[in-house]
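This report concerns only the one structure given below.
The values are calculated or read from the model by the stated rules, or taken from the named source; none is laboratory data. Remember, it's a predicted structure, so these values are computed and weren't measured experimentally. Using ideal geometry, Cβ is built from the backbone for each residue, glycine included, and neighbour counts are taken over all protein chains shown. For accessibility, only protein heavy atoms count, side chains too; no ligands or nucleic acids. Shrake-Rupley method; radii C 1.70, N 1.55, O 1.52, S 1.80 Å.
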Amino acid sequence: MQPDNQKQDLDLVVLAKVLKLSKPYIKIFAFCIFLAVVMAVVANIRPFLIGTMVDDYIFKNDMDGLKKMAIIYILFVLANVLVRYFFIYYSQVLGQSVIKDLRVKVFEHVQSLKLRYFDQTPVGRTITRTISDVQAINEIFTQGVLTMFADILGIFAILGFMFYHSWRLTLVCLATLPLMIIATYIFKEKVKVSFQNVRNQISIMNSFLQEQISGMQIVQMFNAEKQEAKKFKEINRKYTEANLNAIEYYAIFYPVVEIISAVGLALLIWVGSRGIWNHTISAGAFISFPLYLNMLFRPVRMIADKFNTLQMGLVAADRVFKLIERDDKIRDYGEVVKDNIRGNVKFEDVSFAYDEKTFVLKNINFELEAHKTLAIVGSTGSGKTSIINILNRFYPIQKGRIIIDNIDIKKLKLNSLRTKIAMVLQDVFLFNGTVMDNITLRDDTMDRGEVIKASKEIGAHPFIEKLPGGYDFKITERGSNLSMGQRQLISFVRALVINPDILILDEATSSIDTETESIIQYAIEKLIEKRTSIIIAHRLSTIRHADKIMVLDKGEVVETGSHDELIQNMNGHYRTLYEKQFEQSVEV
Ligand code: M5T
Ligand code: MG
């Protein structure tokens, strides 16, 4: 699990991309900006009003005027509350709308990625990208850009009021401002690094947890809980450390700010009191400037914090963008759409490597006529599953051609290719949902009657019917509440309902009882009837029905022929394999 690399100089580019996401919500965005402008004035006018009340009304004994001013003051307070409410609400609406769209975008993109991406990326990382990284982007809007904009406007507004009120005192206040800015800057830089660390640790922890939970059975089976818990503790410790590290900077920063404010206030009182004695500063200004000072420092202080939220959001955004800009998409250059195929399959000198280097299939040649059955046998790791992985274009091949009905499959539109081919994989994957959902894969156009018909045809109906709820029986994640044989049968029905022209079956290696075996055997015979079939066979019974048998060894075809032909070859691979299995089945 490698933490992701981050480039730090890309901030503005990333920010621009994030802002672009809000394009569909430009009106809300504009409204938020407008509110920020209003807020800058409404929120910061109060010290000025207080100063005016002191100088122009209290000192001049104008009670009626004072009352009026008090009402104005209250109105501004209320207006501020109202404007702030809308600002918070709508900046959230904006952020949430953007990330709602983004999540779909990420999900759809992930779906279109090549299988290689999933081979190489921990699941937890992809989940972090889709959930928590996207969430962090929300804060770019709610905590980042918009509030920072509001704060900066606020600072200008305060400075405006201050200068208007008393330039002398304003200059005094500004004396400590550089200190504040320097402190803020240092803080921002430090916290930035530690926050990146925090996010990396989150990603590592998610990946670890995801893997652990999926593999819990293995962990418990091999009593590996202690070791795994130890590893988790280590990851957890690093995560906590990263968090504490970030918090430490806050713990230093806030007291420093406190000191700078205190110095500022002391200066203000010192210069202010002199100003009152020599009548260069009014009492109103003297009273309102400490308030200004507070108001001026608050956004400056907050900006550091917001900058970091923004920063974190940008780091997250950068990762999400990297994911959705990944060029690992399945390329669909094919244009040919075929509605009907006969199902003639030909491999011409096909070589293939998952990693472009180590070839797991070497110069494979074979032709399978339409409606015939090819069985592929060979020891484990010989490349059987790989053959079907490339036939369906899950992975691109490096050499040779795969041809279906005289068309190179590269030229076929992926969709068109895959709807013609049904695959039953070695390990059946069932989703959380009903039996029906798992067969139709939530395709509403599929008729319930059709499904039942198909499952009757291959003999899965009796067992499904017996499940509580029948076709509405709820399968738990990965099908853990069904036996292997049952899962296999459901996947058979899934393959049959789409009525494929080519059927590929990667037989499960696990042994099943004789009764289920015969049900499955019957189902397989039904499945391969009247269509081109490639069966990766582990059981003798399956092989016998094949028109042709191809023996693979270390990625190469070593023998081809019918059962009868191959069995003649006394020292042949097939005969050896066959004898081995035969012995086994006799023994059992
Ligand atoms: C053949 C490698 C594997 C093996 C070789 C599926 C898969 C396989 N391999 C990868 O690198 N990545 C993959 O995603 O390819 O493997 P296979 O084709 O799966 O062999 P098999 O189906 O004949 O074996 P089995 O055990 O199913 O009978 O070197 O590392
Ligand atoms: Mg296999």
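Around R237, what is the net charge, scoring Lys/Arg as +1 and Asp/Glu as -1 over all other residues with Cβ under 13 Å from its Cβ? Cβ neighbours under 13 Å give a net charge of +2. For the range 402-497, the pair-distance distribution built from all alpha carbon pairs, in bins 10 Å wide starting at 0, is 15, 45, 24, 13, 2 percent. Set the Cα radius of gyration of the range 17-324 against 2.2 N^0.38 Å, with N its number of residues, and you get 1.32.
Largest first, the residues R129, R103, R393 sort by 1.4 Å accessible area into R103, R393, R129.
For the range 224-283, the ratio of Cα radius of gyration to the globular rule of thumb 2.2 N^0.38 Å stands at 2.42.
Summarise the accessible area of the chain (1.4 Å probe, protein heavy atoms) by the percent that is carbon and sulfur. Don't skip to the answer; put the middle values down first.
On the way: 18250 of 30720 Å².
Using a 1.4 Å probe with all protein chains present, the chain comes out at 59 percent carbon and sulfur.
Sorted largest first, the spans of the alpha carbon positions of the range 478-579 along the three principal axes are 44, 29, 25 Å.
Taking only the Cα atoms of the range 307-397, the ratio Rg/Rh comes out at 1.20, with Rh defined as the Kirkwood radius. With Cα atoms defining each centre, the range 38-101 and the range 128-193 are spaced 20 Å apart in the structure. Looking at the range 17-324, the accessible area is 52 square angstrom per residue; that uses a 1.4 Å probe and ignores ligands, DNA and RNA. Measuring between their Cα centroids, the range 365-383 and the range 480-532 lie 17 Å from each other. The DSSP beta bridges internal to the chain are antiparallel in roughly 50% of cases. Straight-line reach from K188: taking Cα to Cα under 15 Å and skipping same-chain neighbours fewer than 8 places apart, the aspartates and glutamates in range are D11, E248, D305.
For the chain, would you read off the P(r) tail past 43 Å as a percentage of all alpha carbon pairs? Before the final figure, lay out the partial values.
Details: 78003 of 172578 pairs.
When all Cα pairs of the chain are counted, 45 percent exceed 43 Å.
Placing one equal scatterer on every Cα of the range 1-117 and applying the Debye formula, the log10 ratio I(q)/I(0) at q = 0.12, 0.17, 0.20 Å⁻¹ is -0.69, -0.96, -1.10.
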